Amino acid sequence: MRRWSIRPTRPRPFWLARRAVIAATALLACLLAAWLLAGLLRAADPAPALAAPAPLAGLHFFGPVPIMPSAGEERTAHRRQLAWQLRLTQHTYCSYLQQTRYPHTSRPAGQHPDQLYPNQPVRESNPLRVQGGDSDPAVLVQSAQSRVYLAAGETVAFSLRAVDAQGVALPLVVSRALAQGMAAPGTRAAPSVTLVFAQDGDDWRATFAPHAGALARFHGTIRSEVRFSAGGRTGIVWFDVIYSPELPAIWSGAPHEAIGQDALEFTLPLDVRIAGRYVVSGRIDDALGRPFALASFNELLGQGTQAVPLRVHGKLLHDANPRPLLPLVLRDVEGYLLRENADPDRLLLARREGPVLVSRTLSLAGVPDREWQSEERSRYLAEYAKDRSAARDRLSAFDPAATLPPAACSAAGPLQ
């Protein structure tokens, strides 16, 4: 029978254990060096920063602890929001109510300052332009044209002069002036005509009548190109007019005045040749020549003799402070037939320059004083009133002790 014996384990030599320790230490040193080197490389050439991931819901052990608003702070913020909504709806309602007291066709002159004097010349002053787009600031070219829109039979006057930087006139000579219609791309070129400029002191002037030449049937923009020399330089300037070769309607008969249901009316007879939508406007001055109102007309008219009423709303007269000095004067009436989906989009009426009718009304005693009403105005006011009422109810339900603004409107000012 075989016997088993247990032999004692031979101890590991000392030099082998020492080698293992040295190898582990070297490995750790290498790892540490690699980590430090990677950090230095990142610092020297940082990679584009990546967007931080969105924080997960709930609290994080190492993240900042959010400061939750107290119940009182939340209530104050919500009340402030409800109060702001109420002020907004109140402002919207009162502003619309204030701005629609008068109809769109009868507005204070101060709301349309750019339309009060349609027959004033258009004046410009620019550095001398040379061919190619360059300019010479040492020479200023002052140009003027009597009007931009031309109905059939009307003329336009051009003028030109040159001055230096101190405003002293410089000798100017017009060498060429040509007017040509601006034809649409892809269409046949429009004809051109020569303009005759004559010297008048320091100015050079010309009169252009499209109806009297080759452009009589052209409809659209006509550009007049004028070449000249001034201050030792040659220059160029352009004048543009929009010409309408056909009169869609003719003013006929004498205008008259009447007091209507809510306005003082100036009625102008019009013989309509082409039916359609007509847009007409006239300026209303008081007896001292001060602009008071802009009266307009925008309606469909059939063929034949029609009436174009230009109204001055009664409440506008009564509300004015100071009130206009009567009698009122209707002046500078202009209009056109609107052509939808067409270019140009209008056929012009002959303008009526200067005073057209002086009112016989010398007192406001018989002129109605009531706000303008319409289906559209009533509908909008009803919707704005609903919004305002809902905002008041929300604030009252949240804070029964809150002080609500009065429901009545004062003069609508800026929203605070």
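The values are calculated or read from the model by the stated rules, or taken from the named source; none is laboratory data. Note that the structure is a prediction, hence the values are computed from the model and not measured. Here Cβ is always computed from backbone atoms with ideal geometry, including for glycine, and neighbour counts include all displayed protein chains. What goes into the accessible areas is simple: the full protein's heavy atoms, side chains included, and nothing from ligands, DNA or RNA. Shrake-Rupley method; radii C 1.70, N 1.55, O 1.52, S 1.80 Å.
Annotations for the structure displayed:
- Residue that is nearest to the chain's Cα centre (by Cα) [pool: residues in segment 154-173 that are of a type in the set (Val, Ile, Thr) and over 30 Å from ILE250 (Cβ atoms)]: VAL163
- Scope segment 181-217; condition touching a residue at least 60 places away in the same chain (Cβ under 8 Å) and open to solvent by 50 Å² or more (accessible area, probe 1.4 Å); matching residues: ALA184
- Only one of the listed residues (PRO368, PRO355, PRO309) is within 29 Å of HIS256 (Cβ to Cβ), in contact (Cβ under 8 Å) with a residue 12 or more places away in the chain and surrounded by fewer than 16 Cβ atoms within 10 Å (Cβ to Cβ). That residue is PRO355.
- Of the strands (runs of 3 or more DSSP E) lying entirely inside segment 99-180, the ones with 2 or more residues being of a type in the set (A, V, I, L, M, F, W, C), open to solvent by 20 Å² or more (accessible area, probe 1.4 Å) and over 21 Å from THR194 (Cα atoms) are found at 135-145.
- Total residues in segment 308-331, condition in a strand (DSSP E or B) and under 22 Å from ARG351 (Cβ atoms): 8
- GLU246 being touching a strand residue (DSSP E or B) at 6+ places or on another chain (Cβ under 7 Å) and either open to solvent by less than 40 Å² (accessible area, probe 1.4 Å) or within 24 Å of SER374 (Cα to Cα) (or both): no
- Annotation: LEU288 fulfils all but one of (1) open to solvent by 10 Å² or more (accessible area, probe 1.4 Å); (2) at pLDDT 95 or above; (3) within 30 Å of the chain's Cα centre (by Cα); the unmet one is (3).
- Of note, ASP387 satisfies the criterion of being farther than 30 Å from ALA275 by Cβ and open to solvent by 50 Å² or more (accessible area, probe 1.4 Å).
- Meets criteria (at pLDDT 95 or above and either more than 29 Å from GLY335 (Cα to Cα) or among the small types (Gly, Ala, Ser) (or both)) for ALA189: no
- Scanning segment 341-363 for residues that are among the acidic types (Asp, Glu), in a helix (DSSP H, G or I) and within 30 Å of PRO309 (Cβ to Cβ) turns up nothing.
- Considering segment 218-238, and only residues there that are of a type in the set (A, V, I, L, M, F, W, C) and within 34 Å of the chain's Cα centre (by Cα), the residue that is most open to solvent (accessible area, probe 1.4 Å) turns out to be TRP238.
- Cβ pairs under 8 Å, 6+ apart, first in segment 123-143 and in contact (Cβ under 8 Å) with a residue 60 or more places away in the chain, second open to solvent by less than 30 Å² (accessible area, probe 1.4 Å) and part of a loop (DSSP other than H, G, I, E, B): ASP136/VAL130
Residues are listed down the side, and each one gets a yes or a no for (1) in contact with a Phe, Trp or Tyr (Cβ under 7 Å, 6 or more places away or on another chain); (2) on the phi > 0 side of the Ramachandran plot; (3) not β-branched (Val, Ile, Thr):
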residue	(1), (2), (3)
PRO118	no, no, yes
SER125	no, no, yes
ARG129	no, no, yes
GLY133	no, yes, yes
ALA138	no, no, yes
SER146	no, no, yes
TYR149	no, no, yes
PHE158	yes, no, yes
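- Restricting ALA342, ALA293, ALA350 to those that are open to solvent by 10 Å² or more (accessible area, probe 1.4 Å) and at pLDDT 95 or above reduces the list to ALA350.
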